[in-house]
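A short worksheet on the structure shown next.
The values are calculated or read from the model by the stated rules, or taken from the named source; none is laboratory data. Since we're looking at a predicted model, the values are computed, not measured. Reconstructed Cβ throughout: ideal geometry from the backbone, glycine too, with neighbour counts over all protein chains shown. Keep in mind that these areas ignore ligands, DNA and RNA; they rest on the heavy atoms of the full protein, side chains included. Shrake-Rupley method; radii C 1.70, N 1.55, O 1.52, S 1.80 Å.
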Amino acid sequence: MNYKALYRKYRPQGLEGVVGQEHIVKTLTNQIQNQRVAHAYLFTGSRGTGKTSIAKIFAHAVNCETPINGSACKTCATCKSVASGEAINIIKMDAASNNGVDNIRNINEEVMYTPAVGKYKVYIIDEVHMLSTGAFNALFKTLEEPPAHVIFILATTDPQKIPVTIFSRCQRYDFRRLTMPEISGALKKYMELECVDIEDTTVDYIARLADGA
Ligand SMILES: [Zn+2]
């Protein structure tokens, strides 16, 4: 049986599928369309607001060879390698378990090499506030003069813990908690697609418990 958990099945594949965060989606889409992407982004916001999902979609879209209206085409060689999980240009690191200066030094060495395929190497560092002081200092060195083919996306639930030096090098995006209508609207759509009959009051109850995430 080929069962895929619903959260994986309905995880958005493109920026157009993201629920909420319209201001962020619009800006990032424009940047891809105009080929004016930055080298460092800071995504802040509480858990479950889409920081990592949008980071992954963006990392994919900037590497797409023939983006359509700011979204990945899903048919070029790069898109196919992302779909099959082979995308070596998108590197995700969890700073909660890799917070040392050596972890960042490894990245600093890697970024010198141009990507084997695609335009950009994209480093997504989750829970970036967990980095040690030494690691932040090492990261700052690369953020000061990032190679043209590198993009950093730093994500955090706790922006107060990010050094001001890092802040000053990043474009900051604040992810807001989703509203109840946004959550229940998305849930209703998924239930329809799954042919599940569910009462509105039940959906609204779940949406309330989701608490913006
Ligand atoms: Zn593509």
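Report, by residue number, each residue of the stretch 46-59 that is within 14 Å of the ligand (Cβ to nearest atom) and under 23 Å from Glu145 (Cα atoms). Write out each step before concluding.
Start the filter on the stretch 46-59 by keeping residues that are within 14 Å of the ligand (Cβ to nearest atom), which leaves 57-59.
Hits for the stretch 46-59 are Phe58, Ala59.
Would you call Ser132 within 22 Å of Arg11 (Cα to Cα) and among the small types (Gly, Ala, Ser)? Quick ask: steps written out before the conclusion?
Working: within 22 Å of Arg11 (Cα to Cα): no; among the small types (Gly, Ala, Ser): yes.
So Ser132 does not fit the description; no.
Residues being away from the ligand (no atom under 16 Å from the Cβ), within 19 Å of the chain's Cα centre (by Cα) and basic (Lys, Arg): count how many of those fall in the stretch 71-117.
Number of matching residues: 1.
Within the stretch 61-80, does at least one residue satisfy the condition of being open to solvent by 20 Å² or more (accessible area, probe 1.4 Å) and touching a residue at least 60 places away in the same chain (Cβ under 8 Å)?
Yes: one or more hits.
Determine the pairs where a residue that is farther than 14 Å from Thr156 by Cα, located within the stretch 129-142, has a partner that is among the charged types (D, E, K, R) and open to solvent by 80 Å² or more (accessible area, probe 1.4 Å) with Cβ atoms under 7 Å apart, the partner being 6 or more residues away or on another chain.
Close Cβ pairs (under 7 Å, with a partner that is among the charged types (D, E, K, R) and open to solvent by 80 Å² or more (accessible area, probe 1.4 Å)) amount to Ala138/Arg105.
Would you point out which residue out of Ile54, Ile91 is of a type in the set (Val, Ile, Thr), in contact (Cβ under 8 Å) with a residue 24 or more places away in the chain and part of a helix (DSSP H, G or I)? Before the answer, list the steps.
Details: Ile91 fails: part of a helix (DSSP H, G or I).
The conditions single out Ile54.
Kindly indicate which of Lys80, Lys26, Lys74 is of a type in the set (D, E, K, R) and either in a loop (DSSP other than H, G, I, E, B) or in contact with a Pro (Cβ under 6 Å, 6 or more places away or on another chain) (or both). Please lay out each step first, then the result.
Details: Lys80 fails: either in a loop (DSSP other than H, G, I, E, B) or in contact with a Pro (Cβ under 6 Å, 6 or more places away or on another chain) (or both); Lys26 fails: either in a loop (DSSP other than H, G, I, E, B) or in contact with a Pro (Cβ under 6 Å, 6 or more places away or on another chain) (or both).
Lys74 is the lone residue from the list that is of a type in the set (D, E, K, R) and either in a loop (DSSP other than H, G, I, E, B) or in contact with a Pro (Cβ under 6 Å, 6 or more places away or on another chain) (or both).
I'm checking my understanding of the structure. Among residues of the stretch 47-60 that are in contact with a Gly (Cβ under 8 Å, 6 or more places away or on another chain) and over 18 Å from Lys9 (Cβ atoms), which one is surrounded by the most Cβ atoms within 10 Å (Cβ to Cβ)?
Lys51
Kindly establish whether Phe43 is open to solvent by less than 10 Å² (accessible area, probe 1.4 Å), in contact (Cβ under 8 Å) with a residue 40 or more places away in the chain and either within 16 Å of the ligand (Cβ to nearest atom) or assigned to a loop (DSSP other than H, G, I, E, B) (or both). Don't jump to the end; show me each part of the working.
Values: open to solvent by less than 10 Å² (accessible area, probe 1.4 Å): yes; in contact (Cβ under 8 Å) with a residue 40 or more places away in the chain: yes; either within 16 Å of the ligand (Cβ to nearest atom) or assigned to a loop (DSSP other than H, G, I, E, B) (or both): no.
Spelling it out, it is not the case that Phe43 is open to solvent by less than 10 Å² (accessible area, probe 1.4 Å), in contact (Cβ under 8 Å) with a residue 40 or more places away in the chain and either within 16 Å of the ligand (Cβ to nearest atom) or assigned to a loop (DSSP other than H, G, I, E, B) (or both).
Could you please let me know if Ala96 is part of a loop (DSSP other than H, G, I, E, B) and either among the acidic types (Asp, Glu) or over 28 Å from Gln33 (Cα atoms) (or both)?
Numbers: part of a loop (DSSP other than H, G, I, E, B): yes; either among the acidic types (Asp, Glu) or over 28 Å from Gln33 (Cα atoms) (or both): yes.
So Ala96 fits the description; yes.
Here are Ile68, Ile166, Ile151: which of them is among the β-branched types (Val, Ile, Thr), under 21 Å from Pro12 (Cβ atoms) and more than 16 Å from the ligand (Cβ to nearest atom)?
Values: Ile68 fails: more than 16 Å from the ligand (Cβ to nearest atom); Ile166 fails: under 21 Å from Pro12 (Cβ atoms).
Within the list Ile68, Ile166, Ile151, the selection yields Ile151.
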